[in-house]
Amino acid sequence: MAGDSGYLPVSEHGLIGDMHRVALVGTNGTIDWYCSPSFDAPSIFGSLLDANLGGCFELAAAVPAKTRQFYHPDTNVLITRFFADDGVGEIQDFMPVGGVAEARRRRLIRRVLCVRGAMPFRVKVSPRFGYGMDQHTVTEVEAGVVFTAPELTVRLTATVPVEHDDRDVTAEFKLAEGESAVFAIDEVGSGAMPRACSSEEAEELLAAPWLSGGTGCRRRATGAGGGRSCTARRSR
């Protein structure tokens, strides 16, 4: 849980990556650090360092919920699970690394699943390119939007309707038990054609051989943040 400063401690984060990039995901479901196309590139989301100007990708239950964060066994798929009165939901965060085409796509996938009952979710995607110094535009495309900055262009696709205010993207949706939604960020101009990621494709990627170490990037599963529980509250 974020302290009085508004910053979530670094220890309350899990890490996902594809051997070229990494992202930090808080136990509240927010990606607050992400650089692309490489580890040392300027940030797209950087609210870990500047909560006001750094930008982030918020995704969480829209009701009070306790959370627990852990890795899917023997993979680098990070699961943030939300426990509320009327249901249990989770976010499955990962970056595909299987094959040359996927590597060029430089994709980050966030799959949301309702495990039990029903759960409403809220999303806010607020990129701030170049450590928050570069301005960007938003263009509507099929199944999402394109964020264009001077040095980088990325496409956000979603399987649920999204809205934007010419700067940030928001969405609210509700899932019943067994239902899922997917958000994906692809780099435009990376050599692979950006495309939407369906729920079926995300599920297939989660079952792909690369997750069990087929590409030589096997990760031993350990609980992110020590497997602690915390309380997530809806931001105001």
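Could you tell me whether Pro42 is of a type outside the set (Asp, Glu) and touching a helix residue (DSSP H, G or I) at 6+ places or on another chain (Cβ under 6 Å)? Quick ask: steps written out before the conclusion?
Values: of a type outside the set (Asp, Glu): yes; touching a helix residue (DSSP H, G or I) at 6+ places or on another chain (Cβ under 6 Å): yes.
So Pro42 passes the test.
It is to be established whether one or more residues within the range 5-13 are among the small types (Gly, Ala, Ser) and either in a strand (DSSP E or B) or in contact with a Cys (Cβ under 6 Å, 6 or more places away or on another chain) (or both).
Checked the range 5-13: no residue is among the small types (Gly, Ala, Ser) and either in a strand (DSSP E or B) or in contact with a Cys (Cβ under 6 Å, 6 or more places away or on another chain) (or both).
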Is at least one residue of the range 195-204 at pLDDT 50 or above, basic (Lys, Arg) and either surrounded by 14 or more Cβ atoms within 10 Å (Cβ to Cβ) or in a helix (DSSP H, G or I) (or both)? yes
Among the residues of the range 28-62, what is the count of those that are at pLDDT 95 or above and among the polar types (S, T, N, Q)? 4
Can we say Thr170 is of a type in the set (Ser, Thr, Tyr), over 19 Å from Arg107 (Cβ atoms) and part of a strand (DSSP E or B)? yes
Contact list, first residue from the range 126-140 and touching a residue at least 60 places away in the same chain (Cβ under 8 Å) and buried (at least 20 other Cβ atoms within 10 Å of the Cβ), second anywhere and outside any helix (DSSP H, G or I) and aromatic (Phe, Trp, Tyr), beta-carbon distance below 6 Å, six or more apart or interchain, is Pro127/Phe147
Determine which member of the set Thr80, Thr148 is out of contact with any Lys or Arg (no Cβ under 7 Å at 6 or more places or on another chain), buried (at least 17 other Cβ atoms within 10 Å of the Cβ) and among the polar types (S, T, N, Q). Thr80
Answer residue from the range 31-77, given it is acidic (Asp, Glu) and in contact with a Lys or Arg (Cβ under 9 Å, 6 or more places away or on another chain) and is farthest from Asp93 (Cα to Cα) among those: Asp50
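The values are calculated or read from the model by the stated rules, or taken from the named source; none is laboratory data. In this text the structure is predicted, and so the values were computed from the model without any measurement. Reconstructed Cβ throughout: ideal geometry from the backbone, glycine too, with neighbour counts over all protein chains shown.
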